1. Across bins of 5 angstrom width beginning at 0, how are the C-alpha pair distances of segment 37-153 distributed, in whole percent?
2. Give me a comma-separated list of calculated 3J(HN,Hα) values for segment 141-148, in order, Karplus coefficients 6.51, -1.76, 1.60 applied at θ = phi - 60°, integers in Hz, x for any Gly or Pro.
3. Before anything else, pin down the relative contact order of segment 91-150: Cα pairs under 8 Å, at least 6 apart, normalised by residue count, whole percent.
4. Under 5 Å between amide hydrogens, which residues at least 5 positions from residue 262 or on another chain qualify, with H placed 1.01 Å from N in the peptide plane?
5. Using unit Cβ charges (K, R positive; D, E negative) and no other charged atoms, how large, in debye to the nearest 20, is the dipole of segment 112-178 about its Cα centre?
6. Which value, in Å², gives the accessible area per residue of segment 60-142 when a 1.4 Å probe is used on the protein heavy atoms?
7. Can you pull out the GluC sites (Glu not before Pro) in segment 323-420 that DSSP calls coil and that have at most 14 other Cβ atoms within 10 Å?
8. Going down the table (24/349; 118/341; 24/110; 24/269), which pairs top 31 Å between alpha carbons?
Amino acid sequence: MASAAEQLASNLNFSTFAKAEDLKRRLWFTLAALLVYRLGTHIPLPGLNPEAYAQAFRGQAGGILGLFNMFSGGAVQRMAIFALGIMPYISASIIVQLMTSVVPALENLKKEGEQGRKIINQYTRYGTVILGALQAYGIAAGLESGQGLVVDPGWFFRVSTVLTLLGGTMFLMWLGEQITSRGIGNGISLIIFAGIAAGLPTALAGTLELGRTGALSTFLILLVIIVAIGVIGVIVFVERAQRRLLIQYPKRQVGNRMFQGDTSHLPLKLNTSGVIPAIFASSLLLLPATLAGFANTTAMPSWATSIVAALGHGQPLYMVLYAALIAFFAFFYTAIVFNPKDTADNLKKHGGFIPGIRPGERTAEYIDYVLTRITVIGAIYLVFVCILPEILVSQTGIPLSLGGTSLLIVVSVTLDTVAQIQGHLIAQQYEGLIKKSKLRGGKRGR
């Protein structure tokens, strides 16, 4: 089966894509949805003084607000209706998934299949509303505390801001689900990708401008470009890397016919968790620091001010926590998306086994052993790819959009999207082969 799929994949060409009407409809729908998202990042929040806010943002653009602005596609810089972005949904997903591992009721729901998944998704939406409302109110209060940022401060501004920002987040959540079901998939990741990719040309132009004015040396700019190209190469190599476990199927007899035993492979990705650890880690660090970035620091306790300063982008504590959270979520998310026991049970049910390993519990232990070892390598890779460019960005003042997290998200989502498109094309070729075989069978019957 795997060799047949590879054969079909090698035969894909432009003519195959031109005949894929369903895929083209999905691509157009995805592009239209992302265009709606980009338009929303330019619709400003009502009640703000644009000039005063732009000046206030420039003072904190290099810190945590700049990082949040990168994930929101520039909406924070303009304080648009999508300024909260999709991060409250991601934060709610983290909380629900953590609770799934410790709350028996949620764990049972997870085992119920599609119906249980729908209920868990509903809980995630409720959590998104709560977190989004809290963050939106914090932003509204923070904007009011700024001098001249709000035209008419008061409860009307706070309520309207909460409703607007929360409505923007819920719309993006719905839009991501639509892209996943009616588009080419990976809706939430594509929304984040679109926001980051939209800022890359501006970031590159800003870096070249810094070189032209002499703020950055030519050698340093070349070094950053070389590091970025090297990081992209590492991402492409590791994201496509797999550890394949040999699976054998014994001979079997069906009626009077004897079927020869077959061999297959169980592919284990080196980075099973994908881009999720970097997004989760960033969102958790953004959650407390975003609100503090708009708050009146003079009214905060000294210990709180010290923590906020230590969590600033590029600070040693930020880097250490960022690396630790990436490593943690690499193992945590891998454990969620891949269950060795279920895989071993499915192999045993279909008669498959790993040579030299007893089916059942021993197979599950072996798969878990191999998966843990390669996840260690994957976690080290994620930390390296995310931290090294972040250090260069924080030390040189180069725009955040050229950092390791943004490169990881852009390259990984691009690879996943290409794989989704190839999957649709392969499925269409399979359907075409089935139709041809039915037509031939019908002609022979006549």
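The values are calculated or read from the model by the stated rules, or taken from the named source; none is laboratory data. The structure displayed is predicted, hence computed values, not measured ones. Here the Cβ positions follow ideal geometry from the backbone for every residue, glycine too, while neighbour counts run over all protein chains shown. Surface areas here come from the heavy atoms of the whole protein model, side chains and all, with no ligands, DNA or RNA. Shrake-Rupley method; radii C 1.70, N 1.55, O 1.52, S 1.80 Å.
1. Spelled out bin by bin, segment 37-153 gives 2, 11, 17, 19, 15, 10, 9, 8, 5, 3, 1 percent.
2. The phi angles translate into 5, x, 5, 5, 6, x, 6, x Hz.
3. Answer for segment 91-150 is 30 percent.
4. 249
5. 80
6. Ligands and nucleic acids excluded, the figure is 41 Å² per residue.
7. Counting only loop positions with at most 14 other Cβ atoms within 10 Å, none of the GluC sites (Glu not before Pro) in segment 323-420 qualifies.
8. Result: 24/349; 24/110 exceed 31 Å.
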